[in-house]
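Visitor: Next up is a structure, given as structure tokens.
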Amino acid sequence: MTARVMLIAMLAAACVPQPAIAQRGADTGSVRELLQTARRQSQSGDAAGALASLRTARSRAPNSEEVLSAFVQAALAARTLGPAIATLDALTRMCPDVAQYHYALGVTLMEVGDVAAARPSLEQANRLEPDRPRTLLALALAFNSSKQYAEAKTAALKSVELDPESVDGIAALAEAEAGSGATRDAEAHARRVLAASPAHATANLVIGIVLMQQERYGDARDALEKAVANNPASAAAHYQLSLAYARLGDEARAQQQVELYRQKLRESEERIKAVRAAAAGEKP
Amino acid sequence: MTRALVACCAALLAAWAPSASGTALLFKDIAAESGITFTHHAAPEKKYIVESMSGGVAMFDYDNDGLIDLYFVDSLTVETARNPAAARSALYRNLGNGKFADVTEKSGLAHPGWGMGVCTADVDGDGWEDVYVTGLGGNRLYHNNHDGTFTDIAQQAGVAGGGWSAGCGFADYDHDGRLDLFVSRYVKIDLDHLPEFGKDKTCEYRGIAVQCGPRGLPGETDFLFHNDGNGRFTEVGEKAGVSDPRGYFGLGIAWFDYNDDGWPDLYVANDATPNFLYRNNKDGTFKDVAFPMGVAVSEDGAEQGSMGVALGDYLNAGRLSIFVTNFSEEYNDLYRHDGDHFTDVSFRSNTAPSSLPYVGWGDAFIDYDNDGLQDIIVVNGHVYPQLDAVRLGASAGYRQRKLLYHNRGDGTFEEVAAQFGAVMMEPRVGRGLALGDFDNDGRLDVVINNLDGSPEVLHNELATRGNWLLVKLKGSGMNTDAIGALVTARAGTLTQTRVVQSGTGYISQNDMRLHFGIGAATQVDSIDVRWPDGTTSKMTNVKANQIITIKK
């Protein structure tokens, strides 16, 4: 089950005691019909149609948690992350004590690469519902992205303690350890992940970085090639791979990886810009 | 025996005893008592990026009396842009008794315009330091007239430039014996068509309206001025391959021979874009090798908002590593020189974590306690005063404290600013920082130019410190400062390397004399000089605690 599917599955109206579609002046009958239509469209694989139905429902009942929650699920399924973020933002304000909305907002922001915006949401989710492994994992990933490795390690350790078999949790721990210079622990944890999931992008990146530090450039290149193959969008992996090639004296491939790194960086920036613009134009 | 041991320990304890305030005394800010009245100007709201980036500071001996003088660069504002007299840069003559005299009016250095940075060099080889001031709308080359006055010769020399210049530094990149000049430039700014405050997404920071840029604004190219030897320079940046046609946002620069081939290379810190390391091809051209060398971006490939550049042999390995200050929530980079490449060891060295909340500017490697290990100092301060109105997660506020990293001797550092009291912890809006010894007592002092405020003149008063040696080089020919010379001093088991630089830290100028802390050693066993032309000199058995001059 992918993270997004899990995220969609866990989203359900949870902001009690608000009534479901209680909206003064709203045509509750037609909103209910639109919700049912959207559900049918969604079940038949028509994600765009479901989203269109829910957009109409949202315009009729803009303060309905049930509608907004359904809209988010449809938007995530249709991979229209900007509208999902804008709506989740509304839900967190409407239901400030519901951890799942803060979590979903944080994870969605992480998915588009806006870690700075994601972190406060994840921290709030963790405050509201401590000791949830997935929140702790998301928080560890966010801290890793913002280079707060000590905080990342704390969150990852706790996540792994609660869910010892989570390869993503162990990989996040390895990343935090590599970042803070605990290379031996990082390597051990990353190798544990790779034993269970040999293609794991983060674990391969961590191994690559550790091997670079040990000046084992050939082995580092091999690990980083795997990291890139399993996460081609990772600018960090392309950058490290360019360094590995440079150390091995392969200028052409090093330059090629620098170009790919630049391309991934620009794509990531464009994605964030586009999602922010979409979110700004989609305030429910 | 017991009594002797007790007495010894008591003496040691007394030496390390904290001051009355509960913290040890390292630096004392003597700006006011020493007669420094300079104030830097900037618009209070900093609605435009051009009001946030100034200014540099220089420590240099303009009158050849053996005492280090101070020059602070001031800036205009959008409102005062048409009135150069509204900003007053200031030259202070060191009187040698803990006092400085304001000699600005006589010197002619008061009004360079919208000033940014400063670097010094004896450009014409007459034995007197000249001053280059960068800024918005043209730069100044102030020729030293040997009588306490300067004359701006930038136009006739061909180095006035234009646009928005920031960093500068002189070096003889082509080994013709004459000092050439590199100037980094920042953003294209038209004062009549300024980007509107808070206008769009590039003028927002965490949802609040702020000044625009540098992202979203067009960048400027950089200049390399070749010294033609007839009082004229020719701009050769494009031909030499250092013009930065993509218009990255250039700030701090450092000339140094990173690959030890005897030719000066060049590092340029760029804001919000990758940094450059130009390798000298020895034929008048350069190649940017920052990516393969590992010094362009952060370890995870992030383009950082780089400001200042410091060079230091912090491992006493005979190689100069690079320390770069960056924007908040990035981190300051320590690129360790590993011989044929650099490695980002910022987190492993423990310099990165404490830097995350701060926007870093002036920086320097400084052996503040003369233990033979180079420590690091950084001044910080945000660019958005609007920050103070909101709470912004991990980022510190507009005014920020300094960072002081003590070198543990094992490749790692400990951030110790809090041990040294308010002078290090009081939040300011730091920009340029210069390092030197203005009272010639062998302890390194620090001078800071703070944006829109008064400067700090930090006198090093650390009681417990090691022995030292200050080395002044006297080059031959036109390069009398011996800019680019490399000096290696050996004292007991300590071997330390320093380089003579024009243009240091964040758009500033350090004292060019080279400082060596040597701990308990009472002499320096040998001093090896590699002059800019590749020739060498050697001195042996030099007594500690003195200033020596080595002539080529």
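Visitor: Identify the single condition in (1) within 13 Å of chain B (Cβ to nearest Cβ); (2) surrounded by 21 or more Cβ atoms within 10 Å (Cβ to Cβ); (3) under 26 Å from B:T351 (Cα atoms) that A:H189 does not satisfy, given that it satisfies every other one.
Guide: (1)
Visitor: Same structure, new question: Return the pair list, or none, for Cβ contacts closer than 6 Å from residues in segment B:183-199 that are more than 27 Å from B:E235 (Cα to Cα) to residues that are basic (K, R), at least 6 apart or on different chains.
Guide: If the second residue must be basic (K, R), the pairs left are B:F197/B:K47.
Visitor: I'd like to check something: does segment A:98-114 contain any residue that is within 14 Å of chain B (Cβ to nearest Cβ), of a type in the set (D, E, K, R) and not in a helix (DSSP H, G or I)?
Guide: Yes: one or more hits.
Visitor: Working only within segment A:111-141, note down all residues that are under 24 Å from A:A190 (Cα atoms), at pLDDT below 95 and of a type in the set (A, V, I, L, M, F, W, C).
Guide: Of everything in segment A:111-141, just one residue is under 24 Å from A:A190 (Cα atoms), at pLDDT below 95 and of a type in the set (A, V, I, L, M, F, W, C), namely A:V115.
Visitor: B:I376 fails exactly one of the following numbered conditions: (1) open to solvent by less than 10 Å² (accessible area, probe 1.4 Å); (2) within 30 Å of B:Y48 (Cβ to Cβ); (3) more than 14 Å from chain A (Cβ to nearest Cβ). What is the number of that condition?
Guide: (2)
Visitor: Report the residue count in segment A:115-127 for those that are within 14 Å of another protein chain (Cβ to nearest Cβ) and polar (S, T, N, Q).
Guide: 2
Visitor: Can I ask one more? Would you check which residues across segment A:192-212 are open to solvent by 10 Å² or more (accessible area, probe 1.4 Å) and within 14 Å of chain B (Cβ to nearest Cβ) and list them?
Guide: A:A201, A:T202, A:L205, A:I209, A:M212 - these are the residues of segment A:192-212 that are open to solvent by 10 Å² or more (accessible area, probe 1.4 Å) and within 14 Å of chain B (Cβ to nearest Cβ).
Visitor: Sticking with this structure for a sec: Of the conditions (1) at positive phi; (2) without any contact (Cβ under 8 Å) to a residue 24 or more places away in the chain; (3) not β-branched (V, I, T), B:L141 fails just one. Which one is it?
Guide: Only one criterion in (1) at positive phi; (2) without any contact (Cβ under 8 Å) to a residue 24 or more places away in the chain; (3) not β-branched (V, I, T) is unmet by B:L141, namely (1).
Visitor: With the condition kept exactly as written, say whether any residue in segment B:464-483 is on the phi > 0 side of the Ramachandran plot and assigned to a strand (DSSP E or B). Quick ask: steps written out before the conclusion?
Guide: So the first thing to find is which residues in segment B:464-483 are on the phi > 0 side of the Ramachandran plot, and the list is B:477, B:482.
Keeping just the survivors that are assigned to a strand (DSSP E or B) gives none.
Taking every residue of segment B:464-483 in turn, none turns out to be on the phi > 0 side of the Ramachandran plot and assigned to a strand (DSSP E or B).
Visitor: Okay, next question. Among the candidates A:A236, A:A176, A:A150, A:A246, which residue alone is surrounded by fewer than 20 Cβ atoms within 10 Å (Cβ to Cβ) and within 14 Å of another protein chain (Cβ to nearest Cβ)?
Guide: On the way: A:A236 fails: surrounded by fewer than 20 Cβ atoms within 10 Å (Cβ to Cβ); A:A176 fails: surrounded by fewer than 20 Cβ atoms within 10 Å (Cβ to Cβ); A:A246 fails: surrounded by fewer than 20 Cβ atoms within 10 Å (Cβ to Cβ).
Going through A:A236, A:A176, A:A150, A:A246 in turn, just one is surrounded by fewer than 20 Cβ atoms within 10 Å (Cβ to Cβ) and within 14 Å of another protein chain (Cβ to nearest Cβ): A:A150.
Visitor: Okay, moving on. Which one of A:E187, A:E161 is over 23 Å from B:T343 (Cα atoms) and among the acidic types (D, E)? Reasoning before the result, please.
Guide: Working: A:E187 fails: over 23 Å from B:T343 (Cα atoms).
Matching residue, one of A:E187, A:E161: A:E161.
Visitor: Please specify each residue of segment B:494-536 satisfying the condition of being without any contact (Cβ under 8 Å) to a residue 60 or more places away in the chain, part of a loop (DSSP other than H, G, I, E, B) and within 30 Å of B:Y71 (Cα to Cα).
Guide: Of everything in segment B:494-536, those that are without any contact (Cβ under 8 Å) to a residue 60 or more places away in the chain, part of a loop (DSSP other than H, G, I, E, B) and within 30 Å of B:Y71 (Cα to Cα) turn out to be B:V500, B:W531.
Visitor: When only residues in segment B:480-493 that are in contact (Cβ under 8 Å) with a residue 12 or more places away in the chain and over 24 Å from the mean Cα position of the chain (by Cα) count, which is surrounded by the fewest Cβ atoms within 10 Å (Cβ to Cβ)?
Guide: Ranking the candidates gives B:G492 first.
Visitor: For segment B:398-422, what are the residues that are closer than 27 Å to B:A43 by Cβ and open to solvent by 20 Å² or more (accessible area, probe 1.4 Å)?
Guide: Result: B:R399, B:R401.
Visitor: If a residue must be of a type in the set (K, R) and free of Cβ contacts under 8 Å to residues at least 60 places away in the same chain, how many such residues does segment A:235-284 contain? Working first, answer last.
Guide: Filtering segment A:235-284 for residues of a type in the set (K, R) gives A:247, A:253, A:262, A:264, A:266, A:271, A:273, A:276, A:283.
Pick out the ones that are also free of Cβ contacts under 8 Å to residues at least 60 places away in the same chain and you get A:247, A:253, A:262, A:264, A:266, A:273.
Total satisfying the criteria: 6.
Visitor: When you scan segment B:294-317, do you find a residue that is hydroxyl-bearing (S, T, Y), modelled with pLDDT of 95 or more and open to solvent by 10 Å² or more (accessible area, probe 1.4 Å), even just one?
Guide: There is no residue in segment B:294-317 that is hydroxyl-bearing (S, T, Y), modelled with pLDDT of 95 or more and open to solvent by 10 Å² or more (accessible area, probe 1.4 Å).
Visitor: Oh, and also: When only residues in segment B:127-181 that are assigned to a loop (DSSP other than H, G, I, E, B) and among the β-branched types (V, I, T) count, which is surrounded by the most Cβ atoms within 10 Å (Cβ to Cβ)?
Guide: B:V159
Visitor: Continuing with the same structure: Could you please find all residues in segment B:445-479 being of a type in the set (S, T, N, Q) and either open to solvent by less than 20 Å² (accessible area, probe 1.4 Å) or touching a helix residue (DSSP H, G or I) at 6+ places or on another chain (Cβ under 7 Å) (or both)?
Guide: Of segment B:445-479, the ones of a type in the set (S, T, N, Q) are B:449-450, B:454, B:460, B:464, B:467, B:476, B:479.
Correct list: B:N449, B:N450, B:N460, B:T464, B:N479.
Visitor: Select from segment B:79-124 the residues that are assigned to a helix (DSSP H, G or I) and not basic (K, R) and write down the one among them that is surrounded by the most Cβ atoms within 10 Å (Cβ to Cβ). Walk me through it before giving the result.
Guide: Our first condition is that a residue be assigned to a helix (DSSP H, G or I); within segment B:79-124, this holds for B:84-86, B:104-107.
Filter again for not basic (K, R), leaving B:84-86, B:104-105, B:107.
Numbers: B:P84: 17, B:A85: 9, B:A86: 16, B:T104: 19, B:E105: 11, B:S107: 25.
This residue is B:S107.
Visitor: For segment A:74-86, check the following and say yes or no: at least one residue is more than 17 Å from A:L35 (Cβ to Cβ), of a type in the set (K, R) and more than 17 Å from the chain's Cα centre (by Cα).
Guide: No.
Visitor: Determine which single condition A:E215 fails, assuming it passes every other condition in (1) within 12 Å of chain B (Cβ to nearest Cβ); (2) outside any helix (DSSP H, G or I); (3) in contact with a helix residue (DSSP H, G or I) (Cβ under 7 Å, 6 or more places away or on another chain).
Guide: Only one criterion in (1) within 12 Å of chain B (Cβ to nearest Cβ); (2) outside any helix (DSSP H, G or I); (3) in contact with a helix residue (DSSP H, G or I) (Cβ under 7 Å, 6 or more places away or on another chain) is unmet by A:E215, namely (3).
Visitor: Going residue by residue through segment B:537-546, is there one that turns out to be in a loop (DSSP other than H, G, I, E, B), touching a Phe, Trp or Tyr at 6+ places or on another chain (Cβ under 9 Å) and either within 30 Å of B:V359 (Cβ to Cβ) or open to solvent by 40 Å² or more (accessible area, probe 1.4 Å) (or both)?
Guide: For segment B:537-546, residues in a loop (DSSP other than H, G, I, E, B), touching a Phe, Trp or Tyr at 6+ places or on another chain (Cβ under 9 Å) and either within 30 Å of B:V359 (Cβ to Cβ) or open to solvent by 40 Å² or more (accessible area, probe 1.4 Å) (or both): present.
Visitor: For segment B:500-512, indicate whether the set of residues that are at pLDDT 95 or above and surrounded by fewer than 18 Cβ atoms within 10 Å (Cβ to Cβ) is non-empty. Even if it seems obvious, please write down each step before you answer.
Guide: Pass one, segment B:500-512, residues at pLDDT 95 or above: B:500-512.
Remaining after also requiring surrounded by fewer than 18 Cβ atoms within 10 Å (Cβ to Cβ): none.
No; the residues of segment B:500-512 include none that is at pLDDT 95 or above and surrounded by fewer than 18 Cβ atoms within 10 Å (Cβ to Cβ).
Visitor: Oh, and also: For segment B:287-367, list the strands (runs of 3 or more DSSP E) that sit wholly inside it and hold at least 1 residues that are within 14 Å of another protein chain (Cβ to nearest Cβ); which are they?
Guide: Values: elements: B:309-312, B:321-324, B:333-337, B:342-344, B:360-366.
Because the criterion is at least 1 residues that are within 14 Å of another protein chain (Cβ to nearest Cβ), the strands (runs of 3 or more DSSP E) in segment B:287-367 that meet it are B:333-337, B:342-344.
Visitor: Collect the residues in segment A:261-284 that are more than 11 Å from every other protein chain (Cβ to nearest Cβ), surrounded by 14 or more Cβ atoms within 10 Å (Cβ to Cβ) and farther than 20 Å from B:T202 by Cβ, keeping them in residue-number order.
Guide: Across segment A:261-284, the qualifying residues are A:E282, A:P284.
Visitor: I need a count of the residues in segment A:128-147 that are open to solvent by 30 Å² or more (accessible area, probe 1.4 Å), within 14 Å of another protein chain (Cβ to nearest Cβ) and of a type in the set (K, R).
Guide: 0
Visitor: Given the conditions (1) among the aliphatic types (A, V, I, L, M); (2) at pLDDT 90 or above; (3) open to solvent by 30 Å² or more (accessible area, probe 1.4 Å); (4) closer than 30 Å to B:A302 by Cα, report the number of the one that A:M94 does not fulfil.
Guide: (4)
Visitor: Just give me the residues in segment B:379-438 being basic (K, R) and in a strand (DSSP E or B), in sequence order.
Guide: Across segment B:379-438, the qualifying residues are B:R428, B:R431.
Visitor: A further question on this structure: In segment B:439-455, which residues are charged (D, E, K, R) and either in contact (Cβ under 8 Å) with a residue 60 or more places away in the chain or not in a loop (DSSP other than H, G, I, E, B) (or both)?
Guide: Once the filter is applied, which keeps residues that are charged (D, E, K, R) and either in contact (Cβ under 8 Å) with a residue 60 or more places away in the chain or not in a loop (DSSP other than H, G, I, E, B) (or both), segment B:439-455 yields B:D439, B:R443, B:D445, B:D452.
Visitor: Shifting gears a bit: Within segment B:259-286, take every residue that is under 18 Å from the mean Cα position of the chain (by Cα) and among the aromatic types (F, W, Y) and give me the one that is farthest from the other protein chains (Cβ to nearest Cβ).
Guide: B:Y267
The values are calculated or read from the model by the stated rules, or taken from the named source; none is laboratory data. No experiment lies behind these values; they were computed from the predicted model shown. Note: ideal-geometry Cβ built from the backbone for every residue, glycine included; neighbour counts use all protein chains shown. We work out accessible area using only protein heavy atoms, side chains counted, and drop any ligands, DNA or RNA first. Shrake-Rupley method; radii C 1.70, N 1.55, O 1.52, S 1.80 Å.
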